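Shown next, in structure tokens, is the structure this report addresses.
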Amino acid sequence: MAMAAIANPTTLSPPTALASQKPVASHFPSSLRPLSSTSSSSSSAAAYALHNLHRIAKPWLPIVPRKLDAPLVRLDAAAVADAEAELAEGEAASDSDSDSAVATATPPSKPKTGKAALPLKRDRTRSKRFLEIQKLRENKKEYDVPAAVSLLKQTSNTKFVGSAEAHFRLNIDPKYNDQQLRATVNLPKGTGQTVKVAVLTQGERIDEAKNAGADIVGGEDLIQQIKGGFMDFDKLIASPDMMPKVASLGKLLGPRGLMPNPKAGTVTTDIPQAIQEFKKGKVEYRVDKTGIVHLPFGKINFSDEDLIVNLVAAVRSIEANKPSGAKGVYWKSAHICSSMGPSIRLNIREMLDYKPPMV
């Protein structure tokens with residue numbers, strides 16, 4: 001009877017079943033291998049192996065036998081459901097308390113100012129004036145130069161004399177040195193604005209600048225005035241010998257676009273010629289970080305022919321100053337608009353090939 005029980009260890013309790021199984025030699029060290037049958041019985045070998053089980057190499061887990069006499073506790077389904085409901089209610093209450101505490105601890109946000117306070121583009125509403133003049137043009141239609149200029153004057157109904165603006169999107173990335181664009185263009189018909197020119201020079205060139213029509217002329221005294229906040233001028237021209245002293249004005253003049261630069265024609269030895277050019281309508285332009293050139297080319301009260309001549313001159317200047325790093329299609333889009341007016345899309349191929357009658 002005892003031998004049958006040992007042969008079927010599943011009928012025994014866990015400690016007895018574990019003791020009844022003979023250890024395998026390959027799984028136990030030599031110290032745990034059972035003694036030979038001649039020296040002891042199989043039962044003594046199993047007891048010896050169970051006694052030395054704690055000497056097996058770590059990691060190891062303690063063997064905790066299950067008490068067969070312990071009664072099994074069976075929970076009622078209704079009681080389990082009630083307990084889960086109470087637990088869920090407690091968690092919800094704790095979450096609401098923590099959320100309210102966080103809400104009361106969060107300080108009120110500051111009101112937005114500047115550009116951050118402007119509504120998003122999808123939430124903006126156009127004025128009645130803009131919606132009315134927008135009906136004069138066809139959306140997504142490309143116009144030729146004469147038709148676009150004529151429509152440009154029709155869409156300008158402001159109470160002041162607006163400017164005619166051109167916006168060209170180019171296939172360049174100004175973050176690369178070989179794709180930067182900065183130059184000047186002489187508008188044949190002028191800009192329609194009165195340009196106030198200041199000149200920084202010294203010696204005999206002071207009298208030359210005054211005779212050429214400069215509004216403000218000075219040297220170190222003018223530099224000190226600019227450092228004090230004097231900015232009552234539109235263009236600042238400097239002679240090359242004054243540039244080391246003008247360098248200290250970079251933080252003041254740079255953000256305003258008034259810093260003299262040879263590429264803009266504001267650093268030159270021929271000061272009288274530079275003054276005459278800016279007085280007559282020389283305009284500086286440069287590409288912004290998104291690859292767009294913004295350029296005014298006249299006033300709305302100009303004739304159609306004058307606006308066309310200025311626009312063609314601006315297009316040819318941008319085409320002539322094409323950066324060496326520009327690859328592929330150079331012109332991506334071209335639009336013109338009036339002050340506070342809708343944009344009018346131009347046909348790029350026709351714009352590049354157009355020849356005004358007066359040229």
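Each reported figure results from applying straightforward, stated rules to the coordinates on display, with no laboratory input. Quick caveat: nothing in here was measured; it's all calculated off a predicted structure. FYI the Cβ positions are ideal-geometry reconstructions off the backbone, even for glycines, and counts take in every protein chain you see.
Couple of notes before you dig in:
- Cβ charges +1 (Lys, Arg) and -1 (Asp, Glu), total dipole of the range 193-331, debye: 580 debye
- Positive-end residue, the range 193-280 charge dipole about Cα centroid, Cβ charges, pick of L252, V195, Q225: L252
- Burial order of peptide ranges 195-206, 288-299 (average beta-carbon count within 10 Å, highest first): 195-206, 288-299
- Model label sites at M231 and K140, defined 7 Å from Cα along the beta-carbon direction, differ in position by 4.2 nm.
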